[in-house]
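A short write-up of the structure that comes next.
The values are calculated or read from the model by the stated rules, or taken from the named source; none is laboratory data. Here the structure is a predicted model, which means the values were calculated and not measured. FYI the Cβ positions are ideal-geometry reconstructions off the backbone, even for glycines, and counts take in every protein chain you see. Note: accessible area is taken over every heavy atom of the protein model, side chains too, but ligands, DNA and RNA are not part of it. Shrake-Rupley method; radii C 1.70, N 1.55, O 1.52, S 1.80 Å.
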Amino acid sequence: VLKSNGKYDEAISQYEIYESNNPSQKLVAEKQIESCKKSQEWIANPPYIKVNNVEGINTKYSEFGLIPFNNSYIYTSDKKISGKTYSASEIYGWTGNPYLKLFYVKADNSGIPSSIGDEISSVNNEFHNGPATYNTLSKTMFFTRTKMVKVTKKPVNSDPTSWFENYSVGDYINRLEIYSATYENNSWKAVKPFKYNNAQEYSVGHPTLSSDGKILYFASDMPGGYGGSDIYYCELQNDGQWSAPKNAGININSSGKEVFPFIDSTGVLYYSSDGLPGMGGLDLFSAKGSKSNWETPENLKYPMNSPKDDFSVYFTKSAEKGYFASNRDDGKGLDDIYSFMPDPPRNLILAGITKVVLADNSIVPFSGVNINIINKGQNIITDLSSDDKGKFFSSIDCNSSYSVSGSKEGYFTQAKSFATECKTHNDTVFVELIFQKIVIGKPVVIENIYYDFDKWNIRPDAAIELDKIAELLLINPNVTIELGSHTDSRGSDAYNEALSQKRAESAVAYIISKGVSEKRITAKGYGEKVLRNNCADGVACSEEAHQLNRRTEFKVTGVLYDKK
């Protein structure tokens, strides 16, 4: 109940108590806790989808199952028709409203349902009718009806010695059936039942057709399923008959209820389930595949889903826009019809900060940095400066590639590249540029530039770090450096000096191959002259300790500034 009211933190606490008191249900509780946490994430970070209540069609009653039909729509509702007097037999005792009926409704100039519509009396029977699906190729509508069925069951009796133990009583329940009708000459004709209706034993309902009309999917609680109700399908045979129903499989069906299937124009299945991890009640899911072979279903997340029931989705444009129904809070009635469509942002904000490394290695905000922002695709350049707190801001576009660079005299220029993707409501891109002062002659160890014993080839881990040096030189064309290589103490001094020279030259050659001018970088082999630890000749050290001395460093040898 807490989960279905969106009180996820409180629901998690109760699930934790439940898990503690019922160790055998640990997996069940953990799945519920995980779904609560995911629901909170989805609400905090929703995709760019606009969901609107279709107010022109919704009333204080239930409206759901909206589908396009020619230039109008068909939907299901239990609303009362103005001016009509209802007898007791026309009122559903469970809700106090009329039985569900199928209605027409016209679309306005924008293609949106514009009124409460008119009843399709030629297909509605005395009990519930709907939801439906319409195939434009065959001009056939498949729809759901309920049938009152008298069933026999034992009364509730806790006394096993009672003399009426085997006494049975009759009761009536609603079972679903599928019917079809064809549209000819502006009217519905040939209303007939589905071959596999079996209301005495189980329900079949909520039909949907593949775009070619050859596969009929529906929901049913027939024996042999995985849960309360499953998705099934039948295939159209050459003789025009439907094959026997087959279960659509364990990948999409669960121990709960799977209902309201819909197949879009690309063959993607959409349906509702309360047995898969969701936000609460019925959640909308999608799955790729066909028949009984489906990939793992994906939750459509918030705002398509809510803590309440979300169901009967219909895509008017595959994967982008359409309609669904929900009894979520703030609706007009019991169930309302909602539209959904992409709503991408027009702009994003780039929020940047510039920082500087001080002599004690602390990092603080850096003001007055010249910032250059380039939209690579449109060649738009924006110049600005970081403020006294090191911050800068700029508007940027969705789905674009950018480079951001910062420069200040006496410091290494810094740059970063990124691409914007507008898939979530995180409408700010954060960039941090950290600057270091240029000190001529000060060695800087290039971390992770190590060599195998007695080797000078560039290892893959070394290439990653050398790429950073190459990038640093490319964005700082006024800097020249010396690349120095050092060996461990093993081997003769002359040998180590020669080996280190080869290593330095190898690293320099790699950097030059990345586009850096050979005039800006020199190689220097120091051999074992400058060790980082006490692993000198005659000292026993581990391989790891020796490797610390097999390193590469660089130091700035000169900086050319503009005359200004």
Does G280 satisfy being buried (at least 24 other Cβ atoms within 10 Å of the Cβ) and in a loop (DSSP other than H, G, I, E, B)? yes
Scan region 52-71 and tell me whether some residue there is free of Cβ contacts under 8 Å to residues at least 60 places away in the same chain, in a strand (DSSP E or B), out of contact with any His (no Cβ under 9 Å at 6 or more places or on another chain) and over 26 Å from L276 (Cα atoms). no
Consider K80 against the criteria (1) part of a strand (DSSP E or B); (2) more than 30 Å from Y8 (Cβ to Cβ); (3) of a type outside the set (G, A, S): it satisfies all of them except one. Which criterion is unmet? (1)
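F285 - would you say it is free of Cβ contacts under 8 Å to residues at least 60 places away in the same chain and under 29 Å from A11 (Cα atoms)?
Numbers: free of Cβ contacts under 8 Å to residues at least 60 places away in the same chain: yes; under 29 Å from A11 (Cα atoms): yes.
Judged against the criteria, F285 is a match.
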If you scan region 226-246, which residues turn out to be open to solvent by 10 Å² or more (accessible area, probe 1.4 Å) and among the charged types (D, E, K, R)? E235, D239, K246
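Take V28 and tell me if it is under 28 Å from Y92 (Cα atoms) and either under 20 Å from the mean Cα position of the chain (by Cα) or aliphatic (A, V, I, L, M) (or both). Show your work before the answer.
Details: under 28 Å from Y92 (Cα atoms): no; either under 20 Å from the mean Cα position of the chain (by Cα) or aliphatic (A, V, I, L, M) (or both): yes.
So V28 fails the test.
Quick one: which residue in K455, K442, K529 is open to solvent by 80 Å² or more (accessible area, probe 1.4 Å) and within 25 Å of V369 (Cα to Cα)?
Details: K455 fails: within 25 Å of V369 (Cα to Cα); K529 fails: within 25 Å of V369 (Cα to Cα).
Of K455, K442, K529, the one residue that is open to solvent by 80 Å² or more (accessible area, probe 1.4 Å) and within 25 Å of V369 (Cα to Cα) is K442.
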Quick one: P342 ticks every box in (1) under 23 Å from Y233 (Cα atoms); (2) surrounded by fewer than 20 Cβ atoms within 10 Å (Cβ to Cβ); (3) under 21 Å from the mean Cα position of the chain (by Cα) bar one, so which box is it? (1)
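Looking at V191, V259, which one is part of a strand (DSSP E or B) and surrounded by fewer than 22 Cβ atoms within 10 Å (Cβ to Cβ)? Even if it seems obvious, please write down each step before you answer.
On the way: V259 fails: surrounded by fewer than 22 Cβ atoms within 10 Å (Cβ to Cβ).
Being part of a strand (DSSP E or B) and surrounded by fewer than 22 Cβ atoms within 10 Å (Cβ to Cβ) holds for just one of V191, V259, which is V191.
Looking only at residues in region 85-139 that are basic (K, R) and open to solvent by 40 Å² or more (accessible area, probe 1.4 Å), which one is modelled with the lowest pLDDT?
Within region 85-139, the first condition is being basic (K, R), and the residues that meet it are 101, 106, 139.
Subset that is open to solvent by 40 Å² or more (accessible area, probe 1.4 Å): 106, 139.
Working: K106: 89, K139: 94.
So the residue we want is K106.
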